[in-house]
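Some notes on the structure that comes next.
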Amino acid sequence: MAGRKIQDESEVIRWFEEGRTYQWMTEEYRRKYDIETVVSMWGNFRRRRGLDRRIVRNDDLIPWFVKEEHRWAYPLTMLRAEGRRRAGKQLTETDETRLASWLNALKKNGSVVRYDPGTEEGFSYVPGQAADHDIIRQPDTKTTPRPNADNG
């Protein structure tokens, strides 16, 4: 069914290369072709065509299983953005600006990100220690529930 809805595969591949979101593609198809699509159709297209994953998973920056109530915390959002940057993915201008400001604040304050699922906030900033070699406080054990999707 999705194959019949896609009017121009080269156009869609270009959108993927430009980093367009699935939601943007859905809205653009409605506007441009008056065709209703769903977000999952775009993910299925990506997978069938062997295109790169849209989500970058960086288990070194996010080595924790993050509880549902903490999944949209600002530190986690910034760690995801940093993971995309390190993977060579293009960030929006807004994300680049926010990330640079956030990284500068961590450096200026000598802080790293710590995650404690037992707290209400989940994420906090703690003073960096000699054992901290990146922008997070590494847990004793990674608790990421699945292997890094980019490696498997």
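Starting from region 15-40, take each residue that is touching a residue at least 60 places away in the same chain (Cβ under 8 Å) and small (Gly, Ala, Ser) and list its partners that are open to solvent by less than 50 Å² (accessible area, probe 1.4 Å) and in a loop (DSSP other than H, G, I, E, B), counting only C-beta distances under 9 angstrom and pairs at least six apart or across chains.
The qualifying pairs are Gly19/Leu91.
Kindly provide the set of residues from region 1-41 that are of a type outside the set (Asp, Glu), assigned to a loop (DSSP other than H, G, I, E, B) and over 26 Å from Asp95 (Cα atoms), ordered by number.
As a first pass, look at region 1-41 and keep what is of a type outside the set (Asp, Glu): 1-7, 10, 12-16, 19-26, 29-33, 35, 37-41.
Of the ones still in play, those that are also assigned to a loop (DSSP other than H, G, I, E, B) are 1, 6-7, 19-21, 35, 37-38.
Matches in region 1-41: Met1, Ile6, Gln7, Ile35, Thr37.
Among the listed residues Pro63, Pro75, which satisfies the condition of being assigned to a loop (DSSP other than H, G, I, E, B) and open to solvent by less than 20 Å² (accessible area, probe 1.4 Å)? Write out each step before concluding.
Numbers: Pro75 fails: assigned to a loop (DSSP other than H, G, I, E, B).
None of the others qualify; the one that does is Pro63.
Of all residues in region 30-39 being at pLDDT 90 or above and out of contact with any Asp or Glu (no Cβ under 8 Å at 6 or more places or on another chain), which is surrounded by the most Cβ atoms within 10 Å (Cβ to Cβ)?
Initial filter on region 30-39 (at pLDDT 90 or above): 30-38.
From what is left, the residues that are out of contact with any Asp or Glu (no Cβ under 8 Å at 6 or more places or on another chain) are 31-38.
Numbers: Arg31: 9, Lys32: 11, Tyr33: 13, Asp34: 7, Ile35: 13, Glu36: 10, Thr37: 19, Val38: 12.
Taking the candidates together, the pick is Thr37.
Kindly indicate the residue of region 108-118 that is part of a loop (DSSP other than H, G, I, E, B) and over 18 Å from Thr77 (Cβ atoms) and also least open to solvent (accessible area, probe 1.4 Å) among those meeting that condition.
Let us first name the residues in region 108-118 that are part of a loop (DSSP other than H, G, I, E, B), namely 110, 116-118.
Filter again for over 18 Å from Thr77 (Cβ atoms), leaving 110, 118.
Values: Gly110: 42, Gly118: 73 Å².
Ranking the qualifying residues of region 108-118, first place goes to Gly110.
Identify the residue in region 44-53 that is open to solvent by less than 70 Å² (accessible area, probe 1.4 Å) and either touching a Lys or Arg at 6+ places or on another chain (Cβ under 8 Å) or of a type outside the set (Phe, Trp, Tyr) (or both) and, among all such residues, is modelled with the lowest pLDDT. Working first, answer last.
Keep residues of region 44-53 that are open to solvent by less than 70 Å² (accessible area, probe 1.4 Å), which gives 44-46, 50-51.
Now narrow it down to the ones that are either touching a Lys or Arg at 6+ places or on another chain (Cβ under 8 Å) or of a type outside the set (Phe, Trp, Tyr) (or both): 44, 46, 50-51.
Numbers: Asn44: 91, Arg46: 89, Gly50: 86, Leu51: 81.
Out of the qualifying residues, it is Leu51.
Give the residue, chosen from Gly88, Gly110, Gly50, Gly43, that is on the phi > 0 side of the Ramachandran plot and in contact (Cβ under 8 Å) with a residue 12 or more places away in the chain. Show your work before the answer.
On the way: Gly88 fails: in contact (Cβ under 8 Å) with a residue 12 or more places away in the chain; Gly50 fails: in contact (Cβ under 8 Å) with a residue 12 or more places away in the chain; Gly43 fails: on the phi > 0 side of the Ramachandran plot.
Only one candidate qualifies: Gly110.
State whether the residues of region 87-107 include one that is at pLDDT 90 or above, within 20 Å of the chain's Cα centre (by Cα) and assigned to a loop (DSSP other than H, G, I, E, B).
Checking region 87-107: not a single residue is at pLDDT 90 or above, within 20 Å of the chain's Cα centre (by Cα) and assigned to a loop (DSSP other than H, G, I, E, B).
Scanning for something at pLDDT below 80 and either farther than 23 Å from Trp72 by Cβ or surrounded by 15 or more Cβ atoms within 10 Å (Cβ to Cβ) (or both), does region 127-143 turn up at least one residue?
Restricting attention to region 127-143, the residues satisfying the condition of being at pLDDT below 80 are 141-143.
Subset that is either farther than 23 Å from Trp72 by Cβ or surrounded by 15 or more Cβ atoms within 10 Å (Cβ to Cβ) (or both): 141.
Yes - at least one qualifying residue is present in region 127-143.
Output yes when any residue across region 8-16 is open to solvent by less than 40 Å² (accessible area, probe 1.4 Å), among the hydroxyl-bearing types (Ser, Thr, Tyr) and over 30 Å from Ile135 (Cβ atoms), and no when none is.
The first filter runs over region 8-16 and keeps only residues open to solvent by less than 40 Å² (accessible area, probe 1.4 Å), leaving 11-12, 15-16.
If we keep only those that are among the hydroxyl-bearing types (Ser, Thr, Tyr) as well, we get none.
No: region 8-16 contains no residue that is open to solvent by less than 40 Å² (accessible area, probe 1.4 Å), among the hydroxyl-bearing types (Ser, Thr, Tyr) and over 30 Å from Ile135 (Cβ atoms).
The values are calculated or read from the model by the stated rules, or taken from the named source; none is laboratory data. Predicted model only: the values in this text are computed from it and were never measured. We place every Cβ from the backbone using ideal geometry, glycine too, and count neighbours over all the protein chains shown. Areas reflect the complete protein model, heavy atoms only, side chains present, ligands, DNA and RNA absent. Shrake-Rupley method; radii C 1.70, N 1.55, O 1.52, S 1.80 Å.
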